[in-house]
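Working notes, structure below.
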Amino acid sequence: MLSTPPRRAVCLALFLPFLGACGPASRPEEAPPPSTITTAEEHLQVSTLVAPGSVWRYRDTGVDPGAGWTAAGYVDTAWKQGPAQLGYGDGDEATVVSYGPSTSSRYVTTWLRKTFTVADPSRVSNVVLRLLRDDGAIVYLNGQEVLRSNLPAGTVTASTLASTVIADSAELTWHSASVSAALLTSGTNVLAVEVHQSTLNSSDLSFDLELTADVSAAPATPCWPLDLPALSTLRASPKKVFAHYFSPYPLSLDNREPSVDYYARHYLVPTGENSKFAYCGGLLKQRPLPQAPRAAGVDYELANFELEVRRASALGLDGFTYDILNHTGTHWNRLLKLLQAASNVDSGFRIVLMPDLTSTYSGTDAEALTAFVNSIASVASHPAVYHLDDGRLLLAPYYADKRTPQWWASVVQALQARGIPSALWPVYVNPWVAQTNTLKAVVPLHGTSTWGSRTLSGASGQLANPGTAHGMGLQWMAPVALQDSRPKDLVYTEANNSQALRALWSAAIQGGADWVQLITWNDYSEATEFSPSSGTQWAAFDLTAYYTAWFKTGVQPPIVRDGLYYFHRQHSTSAAPDLTKQSAVYRLVNGAPAVNEIELLAFLTAPATLEIELAGSVQRTNVAAGIQSFRVPLQQGTPSFRLVRNGATVASVTSAFPINNTIVYQDMLYRAGGSLSCDRAAFFP
């Protein structure tokens with residue numbers, strides 16, 4: 001959010017065809033919702049989580065490793081490692097462990113640990129553990145005992161001997177046990193094993209282990225670098241992610257062909273709405289992805305809201321925070337249809353009511369109170385409206401300080417009188433700590449938040465906010481945004497390509513935020529949208545899938561397929577507009593200096609070389625696996641991006657947006673696209 005509150009305007013223009021570098025260029029035929037929403041019969045297949053002969057870390061010093069050694073967080077990097085079988089004395093060991101300095105007083109216990117990864121525990125069932133041990137062993141999964149074999153009941157120490165001597169064919173016997181899949185966690189899991197001898201002079205020790213399970217097929221997500229966990233898993237997390245919905249910019253305003261609809265005729269061209277936005281070249285620089293009109297007789301607004309809910313649900317979002325711009329008329333009616341759409345499509349999708357105090361509930365305190373309570377009460381019982389676990393209606397007013405704390409106390413009291421217990425989670429633009437304390441002194445709050453920043457430095461400042469809020473006894477909703485550019489105000493904020501976005505996610509994840517608010521799902525007038533658009537295509541949408549899974553599970557998702565995303569403007573920030581048409585040069589706000597770079601953001605399964613080709617020149621860098629950002633100076637031309645591994649091009653994409661510094665109007669919007677071509681039919685019904 002800029003330092004001054006936004007002046008919300010409604011208006012649209014010329015159809016910019018969606019160039020399919022990161023998705024289809026035209027709307028596919030009707031298709032069912034994504035598999036993350038509608039449940040179909042899933043194919044089960046046996047998966048080996050830990051194979052016999054796997055490499056284990058082991059401790060063969062005879063000294064107890066201490067408390068917590070079975071837990072996932074225990075640091076075992078100083079332990080030795082080697083493949084199973086591990087042991088000594090039989091001659092069939094892949095790794096020989098030490099029994100100590102004396103053959104007559106050997107170490108009783110050897111400790112072992114093995115980590116493995118589970119992407120989505122909700123898809124795992126029928127977990128079976130098979131153990132080869134000589135003489136006795138206890139196996140723990142994530143700190144919980146799951147199998148005890150040939151050891152006495154009760155407390156076991158480093159000197160506890162196995163119950164019986166194991167010899168001859170019994171040394172080759174595998175012992176099986178069923179394990180509860182509920183003990184598995186998303187991401188890294190750990191098996192810990194202690195193997196005990198039956199006598200101090202035992203001649204041999206053997207250990208191996210296998211862990212298998214039935215795993216249902218994951219929802220196909222080849223559009224993304226990760227395999228997204230099931231929606232049920234993401235929704236079960238106490239961490240919540242909501243996207244701010246701005247009702248002036250739904251998918252369509254008039255259900256006409258995209259080339260001649262309201263966006264094309266009025267918002268994307270200087271002549272729109274009787275040249276109202278000629279001074280800036282058009283209100284918008286991008287639009288929702290174009291789609292064909294709905295058939296006659298279909299409630300196109302409801303159908304489009306259902307589509308938006310499907311798209312948000314497919315990312316694992318918990319719902320929308322709906323910006324209530326008015327309590328009557330168009331924007332209120334859109335809220336009602338969105339609530340219906342959520343109930344129609346996804347019974348778990350929720351709408352958080354966010355009254356916008358800069359736009360609605362005006363008049364005297366008494367007039368505003370009556371309008372507020374009447375309107376909120378009329379939708380409070382809708383099944384799609386978000387309530388806290390204790391049943392209270394959650395209200396997240398934007399710019400709550402536009403009304404006094406006493407007014408908010410009256411709101412809570414009036415709703416309670418109507419049988420609607422409520423809780424406040426305000427969202428501030430001004431410094432939030434002072435405003436929160438002022439309101440909290442009069443009205444109990446559930447949480448607090450701020451509209452946030454769009455810069456790298458601002459993102460770093462967000463890191464401490466969750467802790468500050470928690471110190472006040474409140475939950476924190478972290479703001480996450482892609483960029484901010486406002487043609488109507490001729491201002492922009494420097495987001496450093498994708499860097500501010502990723503830094504804001506990092507602040508939410510590392511700082512311990514309780515919720516995230518994506519700002520915004522669809523405010524194209526401020527260029528903050530995560531919903532697919534003609535300007536950023538599917539890039540912001542796809543990145544949301546990755547970071548939402550990370551935030552909700554607390555584990556960085558494994559990268560299972562290589563993907564490239566690019567970010568750049570279409571001209572330098574210093575390119576000169578025609579000031580006979582544009583009324584003034586864009587003003588850079590919120591402190592960060594202008595940056596003119598082209599970014600290649602890569603999700604890599606293995607080390608590779610990244611290449612950016614522009615104007616006949618290729619710049620390259622060698623990088624490790626993981627998320628890698630490669631940036632070069634912005635120049636004129638059409639950049640191409642490549643991922644090269646072992647001399648072969650693994651992924652490539654050419655920007656859909658040429659860079660040209662000869663301009664009439666400035667356009668500070670970062671464009672984006674990606675390399676992962678896939679069937680996005682489920683996102684278009």
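The values are calculated or read from the model by the stated rules, or taken from the named source; none is laboratory data. Every value quoted in this text rests on a predicted model; they were computed, and no experiment measured them. As a convention, Cβ positions derive from the backbone with ideal geometry for all residues, glycine included, and neighbour counts pool all protein chains shown. Calculation scope for accessible area: heavy atoms of the full protein, side chains included, ligands and nucleic acids excluded. Shrake-Rupley method; radii C 1.70, N 1.55, O 1.52, S 1.80 Å.
Mind checking the full-extension length gain between residue 55 and residue 90? Use 0.36 nm per residue of separation minus the Cα-Cα distance, one decimal, nm.
Between residue 55 and residue 90, full extension yields 10.7 nm more.
Please give the helix 405-417 orientation as an angle from the longest Cα principal axis of the chain, in degrees from 0 to 90, rounded to the nearest 10.
Between helix and principal axis, roughly 70 degrees.
By DSSP, what percent of the beta bridges with both residues in the chain are antiparallel, rounded to the nearest 5?
In the chain, approximately 70 percent of DSSP beta bridges are antiparallel ones.
Figure the gain on full extension for residue 409 and residue 654 (residue separation times 0.36 nm, minus the Cα-Cα span) and round it to one decimal in nm.
Details: separation 245, 0.36 × 245 = 88.20 nm, distance 5.54 nm.
Length difference between fully extended and current span is 82.7 nm.
Please work out the Cα center distance from the range 311-381 to the range 168-246, rounded to the nearest Å.
For the range 311-381 versus the range 168-246, the Cα centre distance is 42 Å.
Rounded, prolate or oblate: which fits the range 185-321 when a ≥ b ≥ c are the square roots of the eigenvalues of the alpha-carbon gyration tensor, with rounded for a/c under 1.5 and prolate only if a/b beats b/c?
Here the range 185-321 falls in the prolate category.
For the range 111-158, what relative contact order do you get, as a whole percent, if you take Cα pairs closer than 8 Å and at least 6 residues apart? Please report the intermediate quantities before stating the final value.
Working: 21 pairs, mean separation 10.5, N = 48.
So the answer I get is 22 percent.
What label, among [x] 47, 30, 29; [y] 53, 31, 23; [z] 66, 38, 23, belongs to semi-axes √(5λ) of the Cα gyration tensor in Å computed from the structure on display?
[y]
Rg (Å, one decimal) plus Dmax (Å, integer) for the alpha carbons of the range 568-682?
Rg and Dmax of the range 568-682, Cα atoms, are 16.5, 53 Å.
Using alpha carbons only, how many degrees (0 to 90, rounded to 10) separate the axis of helix 329-345 from the longest principal axis of the chain?
The angle comes out at about 30 degrees.
How many nm is it between the label spots at residue 336 and residue 430, if each spot is 7 Å from the Cα in line with the beta carbon?
Result: 3.5 nm between the two label points.
Ranked from highest to lowest mean number of other Cβ atoms within 10 Å per residue, what is the order of the peptides 620-632, 255-267? Write out the running numbers ahead of the final one.
Values: 620-632: 15.5, 255-267: 19.9.
Highest-to-lowest ranking by the protection proxy: 255-267, 620-632.
Given a Förster radius of 60 Å and the C-beta distance between residue 556 and residue 416 as r, what FRET efficiency does 1/(1 + (r/R0)^6) yield to the nearest 0.05?
0.90
Could you tell me which residue out of 343, 616, 603 lies farthest along the dipole of the chain toward its positive end? Charges go on the beta carbon: Lys and Arg +1, Asp and Glu -1, centred on the Cα centre.
Checking the options against the dipole of the chain, the answer is 616.
Can you compute the label reach from residue 77? Point 7 Å from Cα along the Cβ direction, backbone N cut-off under 13 Å, restricted to the range 542-580.
none
Per DSSP H run of at least 4 residues, take -39500 (n - 2.57); add these up for the chain, divide by its residues and hand me the 222 nm value, nearest 500 deg cm²/dmol.
Details: 11 runs with 120 residues, N = 685.
So the helix-based figure for the chain works out to -5500 deg cm²/dmol.
In nanometres, what is the gap between the two model label sites at residue 364 and residue 236, each 7 Å from Cα along Cα-to-Cβ?
For residue 364 paired with residue 236, the spin-label model returns 5.4 nm.
Cα centroid distance between the range 123-138 and the range 390-452, in Å?
52 Å
Calculate one ³J(HN,Hα) per residue across the range 602-614 by plugging θ = phi - 60° into the Karplus curve 6.51 cos²θ - 1.76 cosθ + 1.60, and present them in order as whole Hz with x for glycine and proline.
10, 10, 10, 7, 7, x, 7, 10, 9, 10, 10, 10, 7
With Cβ to Cβ distances under 14 Å as the rule, what net charge do the other residues near residue 394 carry (K, R +1; D, E -1)?
Counting the neighbours of residue 394, the net charge comes to -1.
Say the dipole of the range 461-562 comes from +1 at the beta carbon of Lys and Arg and -1 at that of Asp and Glu; which of 473, 520, 543 then lies farthest toward its positive end?
Projecting each Cα onto the dipole axis, the largest value belongs to 473.
Quick check on packing: order 398-407, 101-110, 481-490 by the mean number of other C-beta atoms within 10 Å, highest mean leading.
Descending mean neighbour count gives 481-490, 398-407, 101-110.
What accessible surface, in Å², does a 1.4 Å probe find on residue 515, ignoring ligands, DNA and RNA and rounding to the nearest 10?
10 Å²
Full-extension gain between residue 442 and residue 115, please, as 0.36 nm times their residue separation minus the C-alpha to C-alpha distance.
112.7 nm
How much of the DSSP bridge set in the range 458-587 is antiparallel, in percent, rounded to the nearest 5?
Of those bridges, close to 45 percent are antiparallel.
Once the dipole of the range 335-397 is set up with Lys and Arg at +1 and Asp and Glu at -1 on Cβ about the Cα centre, which of 397, 379, 364 lies farthest towards its positive end?
379
What does the charge dipole of the chain about its Cα centre add up to, to the nearest 20 debye, if the Cβ of each Lys and Arg holds +1 and the Cβ of each Asp and Glu holds -1?
1880 debye
Any idea of residue 561's accessible area? Nearest 10 Å², probe 1.4 Å.
For residue 561, the solvent-accessible surface is approximately 60 Å².
Determine the dipole magnitude for the range 190-253: charges of +1 sit on the beta-carbon of Lys and Arg, -1 on that of Asp and Glu, nothing else is charged, the reference point is the Cα centre, and the result goes in debye to the nearest 20.
720 debye
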